[in-house]
Structures are given as C-alpha cells and as structure tokens.
Amino acid sequence: MSGPSDAEHPSTSGIITLLTDFGLHGSYVAAMKGVILSINPRAVLVDVTHAIRGQDIRHGAWILEEASPWFPSGTIHVAVVDPEVGGRRKLIYARIGRQHYLAPDNGLLGRLALANRPSKIISLEDPQYWLPKVSATFHGRDILAAVAARLSLGTEPDCLGPRQDELVQLAWPEVRILPGEIEGSVRSIDSFGNLVTDISEQMLRDVPRGESVRITCDEHETLGIFRTYGDQPEMTLMALVGSGGYLELAIVGDSAAGMLGVGPGAAVRVTW
C-alpha cells in the first residue's frame, strides 16, 4: 500500500508522541519533553511507553505498529530505541500513511513500513534544526526532540536533509501457514504478562474456535480460542485474539510469561 502523495501532505496536529526504552526512572524522558516545550510550549505530548525492553528494536517496532495508527492524522511520533547512538546509523523522518515519524534508521519503523510503504523518507542532516550542542549519546534529546518541535511549528520535512529511498529493515520471523497448522512465535509480552504472538486474526479466519484446535507454546498447551479472558477460570492457560488483532496466550488472573517461563521468540503452533 502506498502512502499519500506530496499534494496530500498531512499538516501536523500539534500532538507529539514519545516511545523509548528509557524506563520510568531518571531524567531522560523529562529532558526530551523540556526541549520540545522550550521550542513549542503549545505542543501536546503523549507518552506511548518508555518501557520498551532495553535496546530491543523489534519490541519497539511492534508497539509502534500497534499504537501509532490510532492517533489523529498529522501526529508526530518520536521513537528512540537506539543501541548504536553516536554510531553510523542515520536518524530519519518518515511519512507513513498520514502521520509523521522521527526515529533512528535501524528497523524501528520496519513493521509500519511493511504494512504501508513510506511516501517520504528524509535523512536528518541539517544541524540548524537540532540543538546547538549535540551529545554523542543523547540524540533523542538533542536532535529528534528538537526536530519534532520544529515540525510541529510548521517546518517542512524537506528542509531537514536529503531524501532517501528505503528504510533499514530487520529480518522478521515468517509465520508458516500449512494445512491444519500455523507456526508462529511469541513476539512480545504485554504489561499483564500475556504472550502476544505474531499470528494475526486474519491468519486464523479458517481455524475452528472450539476444543478441536490445540495451541502449543514451548511444552505448554491449551485447547480452544476464546473471546475474552473471563471465558475461563482463574489460573487457566488460555488462548484468545487480543485487542491488537493477534493471538495471545494468557493465564487468567496471573502472568503467563512469569508462570510459564516463556519469552519473545518462543515457538507457537496452532493445530486442528
């Protein structure tokens, strides 16, 4: 799916979201917000999450894919999961759909770009839009936050640097769909400890929902795909399609990740 043409350039909404792996302690997130509000005091700041697993680009990419499309057209999304900060990776602006993204070009925008090809990608190379002094280890504050604020005030993306054709893309595990079987994996753990897989609701469209379907993860298994967490008793391992549209494994009233000792990358099989 291609993005909008330049003639359909979405104006900014005044909303700037922040997604990082900085955690809930320390000054990093506050410093980024301070930079943005110093440049544009009227900016509306929204925290998507700062609990991305440290340096886990794939985790950040999945959360961006899930959360950012729900924001209004013209929202500016700043994403910082940047293991190579200060290295050779680029910082980029991308227009995907009718929203704006600022991030390191390390695969963090990869899931979004697979679903909706960016209509514009700009390498952030013009320092007049950065802070005057740039730390080698905090580009989120000194470059991305400053650029986001300037975009929110009307700076055109083309002023930020030269265009580039493609984003860096990570290799993503492929879900295998076979007769009577789907093979995927756990791709993330939500805040309740539920195991979120990469098997989408669309992939499950021809799969029965009753006890004739078996879901296996590691050595653990459960029967049936249910509608809500309340469909099974407390402390029961169950499968359901979550609000993000992907198959989840949950333990009712507890953490599936903690109870089962299973994490991202674990194989998941659906058979019927």
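The values are calculated or read from the model by the stated rules, or taken from the named source; none is laboratory data. Everything numeric in this text was worked out from a predicted model, so none of it was measured. Note that each Cβ is placed from the backbone with ideal geometry, even for glycine, and that neighbours are counted across all protein chains shown. To get the accessible areas, we keep the full protein, side chains included, count just its heavy atoms, and leave off ligands, DNA and RNA. Shrake-Rupley method; radii C 1.70, N 1.55, O 1.52, S 1.80 Å.
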Here the residues within region 215-259 that are assigned to a loop (DSSP other than H, G, I, E, B), among the hydroxyl-bearing types (Ser, Thr, Tyr), under 18 Å from Glu201 (Cβ atoms) and open to solvent by less than 50 Å² (accessible area, probe 1.4 Å) are Thr228
Scan of region 240-257 for residues that are in contact with a helix residue (DSSP H, G or I) (Cβ under 8 Å, 6 or more places away or on another chain) and farther than 14 Å from Ile215 by Cα, ordered by number: Gly244, Val252
Restricting attention to region 68-95, the residues that are in contact (Cβ under 8 Å) with a residue 60 or more places away in the chain and at positive phi number exactly 1
Name every residue in region 131-149 that is of a type outside the set (Ser, Thr, Tyr) and farther than 13 Å from Lys33 by Cα, in order of residue number. Leu131, Pro132, Lys133, Val134, Ala136, Phe138, His139
Tell me yes or no: at least one residue of region 68-77 is open to solvent by 30 Å² or more (accessible area, probe 1.4 Å), within 18 Å of Thr155 (Cα to Cα), in contact with a Pro (Cβ under 6 Å, 6 or more places away or on another chain) and not charged (D, E, K, R). yes
Identify, by number, the condition in (1) out of contact with any strand residue (DSSP E or B) (no Cβ under 9 Å at 6 or more places or on another chain); (2) crowded, with 17+ Cβ neighbours inside 10 Å; (3) not β-branched (Val, Ile, Thr) that Pro157 doesn't meet. (1)
Within region 42-67, can you find the residues that are assigned to a loop (DSSP other than H, G, I, E, B), open to solvent by 50 Å² or more (accessible area, probe 1.4 Å) and on the phi < 0 side of the Ramachandran plot? Arg42, Ala51, Arg53, Gly54
Picking from Ala145, Ala115, Ala136, which residue would you name as being surrounded by fewer than 22 Cβ atoms within 10 Å (Cβ to Cβ), within 22 Å of Ser27 (Cβ to Cβ) and aliphatic (A, V, I, L, M)? Ala136
For region 8-22: of the residues being at pLDDT below 95 and part of a loop (DSSP other than H, G, I, E, B), which is surrounded by the most Cβ atoms within 10 Å (Cβ to Cβ)? Thr12
Go through the residues of region 193-206 one by one and say whether even a single one is of a type in the set (Gly, Ala, Ser), at positive phi and either out of contact with any helix residue (DSSP H, G or I) (no Cβ under 7 Å at 6 or more places or on another chain) or in contact (Cβ under 8 Å) with a residue 40 or more places away in the chain (or both). yes
Region 148-161: number of residues that are closer than 19 Å to Ala31 by Cα and among the hydrophobic types (A, V, I, L, M, F, W, C): 3
Test result for Ala67, over 21 Å from Ala94 (Cβ atoms) and at pLDDT 95 or above: no
Scanning for something under 20 Å from Gly107 (Cα atoms), in contact (Cβ under 8 Å) with a residue 40 or more places away in the chain, of a type in the set (S, T, N, Q) and surrounded by fewer than 17 Cβ atoms within 10 Å (Cβ to Cβ), does region 165-172 turn up at least one residue? yes
With respect to Leu151, determine if the residue is at negative phi, surrounded by 15 or more Cβ atoms within 10 Å (Cβ to Cβ), in a helix (DSSP H, G or I) and of a type outside the set (Gly, Ala, Ser). yes
